[in-house]
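Structure, as structure tokens:
The numbers here are math on the coordinates, done by the rules we state, and not lab data. Nothing here was measured: the structure is a model prediction, and the numbers come from that model. All Cβ positions, glycine included, derive from the backbone under ideal geometry; neighbour counts span all protein chains shown.
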């Protein structure tokens, strides 16, 4: 589950930079428990690498059911920072291609997209969108497997195309 962040970190890059500079100021080696650096951070939450893997596995399975596979173009638009990180990893796991969605005319280059209800309401295009905060999406996501994707799952999807 997502661990609340006590002090917000703007980006993972800034977090890593601050921890590296703190480590370089240490003059003696210190025997301590291994530090678990977060894989993704937002203003109120951070995900470990294990959590990011599990979250992206669930989303990748949803994307596979929607037809994600090599050659399919998927856009991410108007999603919160953490969900964007999860979606990017999920898209790469399916072999699909992440494409920018900058304007309404971008819809012609996109097979489907990932967004939120608020983001979806901004587009007149009624193409297929995975709406992350839709109740049916949430139920599907929360009841889906977070185990690593198998070659059989990926092969079955690619074979069906």
Exercise for the section: Give me the distance in nm between label points sitting 7 Å out from Cα along the Cα-to-Cβ direction at residue 121 and residue 155, one decimal. Expected result: 4.6
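Test of understanding: what is the full-extension gain from residue 138 to residue 81, defined as 0.36 nm times their sequence separation minus their Cα-Cα distance? It would help to have the intermediate numbers written out before the result.
Details: separation 57, 0.36 × 57 = 20.52 nm, distance 1.74 nm.
Here the segment from residue 138 to residue 81 would lengthen by 18.8 nm.
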Completion exercise
Output ordering of 110-119, 128-137 (per-residue mean of other Cβ within 10 Å, highest first) is 110-119, 128-137
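Which order do peptides 146-154, 60-68 fall in by mean Cβ count within 10 Å, highest first? Display every interim value, and only then the final one.
Numbers: 146-154: 12.8, 60-68: 20.8.
My ranking of the peptides, most packed first, is 60-68, 146-154.
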